[in-house]
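The values are calculated or read from the model by the stated rules, or taken from the named source; none is laboratory data. Keep in mind that what you see is a predicted model, and the values were worked out from it rather than measured. Cβ placement follows ideal geometry from the backbone for every residue including glycine, while neighbour counts extend to all protein chains displayed.
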Amino acid sequence: MRMLFIAVAVLGAGGLGFWFFAPQSEDVVSQEQVSGEAIVEIELPSLLSANASAGKTAFESVCADCHGINAVGKVGLAPPLVHIIYEPSHHADEAFQRAVALGVRGHHWPFGNMPPVEGLTRGDVAMIIAYVRELQVANGIE
């Protein structure tokens, strides 16, 4: 009887954790959206720092094909980086560095795995991160 109680408690806690941490309905990409369409709408910062400005240029030339202009994501391709999932307390700057250098296994979104990105230095990625972080702050993600 005690084992049954423990099993039910563990399953209940797991289900509650899934419910609490699972993407909400507005986070799930709809089947009705058109491939390549922006996933989120964002506010742009009124001014970018020098590092973020350099990062924007690098992002647009290397990352935007998949993650969209201004990191809004693209339906069927890649997630938006201006999203609560990528807040600094959940995906620290080093997580972005590692994703670029090593690739990353898809785990939050239904897009599959991200391959490593060649041709970017850690400094380049730091500038891209500065850009993404300033976009996030402008949209209440800190």
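Observations on the structure shown:
- Pairs are defined by a Cβ separation below 9 Å, a sequence spacing of at least 6 or placement on different chains, a first member in region 122-135 that is touching a residue at least 40 places away in the same chain (Cβ under 8 Å) and among the basic types (Lys, Arg), and a second member that is surrounded by fewer than 23 Cβ atoms within 10 Å (Cβ to Cβ) and in a helix (DSSP H, G or I); the pairs so defined are Arg133/Ala52; Arg133/Asp93.
- Remark: pairs (first residue in region 85-106, of a type in the set (S, T, N, Q); second residue at pLDDT 95 or above and in a loop (DSSP other than H, G, I, E, B); Cβ separation under 8 Å; 6+ apart in sequence or on different chains) are absent.
- Screening the candidates Pro80, Pro116 for the property of being part of a loop (DSSP other than H, G, I, E, B) and surrounded by 17 or more Cβ atoms within 10 Å (Cβ to Cβ) yields one hit, Pro80.
- When region 52-77 is limited to residues that are assigned to a helix (DSSP H, G or I) and among the charged types (D, E, K, R), the one that is surrounded by the most Cβ atoms within 10 Å (Cβ to Cβ) turns out to be Lys56.
- Flag if Leu48 is crowded, with 17+ Cβ neighbours inside 10 Å, at pLDDT 95 or above, in a loop (DSSP other than H, G, I, E, B) and among the hydrophobic types (A, V, I, L, M, F, W, C): yes
- Any hit, region 19-37, residues being outside any helix (DSSP H, G or I), at pLDDT 95 or above, touching a helix residue (DSSP H, G or I) at 6+ places or on another chain (Cβ under 7 Å) and not basic (Lys, Arg): no
- Taking the numbered list (1) free of Cβ contacts under 8 Å to residues at least 40 places away in the same chain; (2) farther than 14 Å from Val82 by Cα; (3) surrounded by fewer than 17 Cβ atoms within 10 Å (Cβ to Cβ); (4) out of contact with any strand residue (DSSP E or B) (no Cβ under 7 Å at 6 or more places or on another chain) in turn, Pro110 passes all entries but (1).
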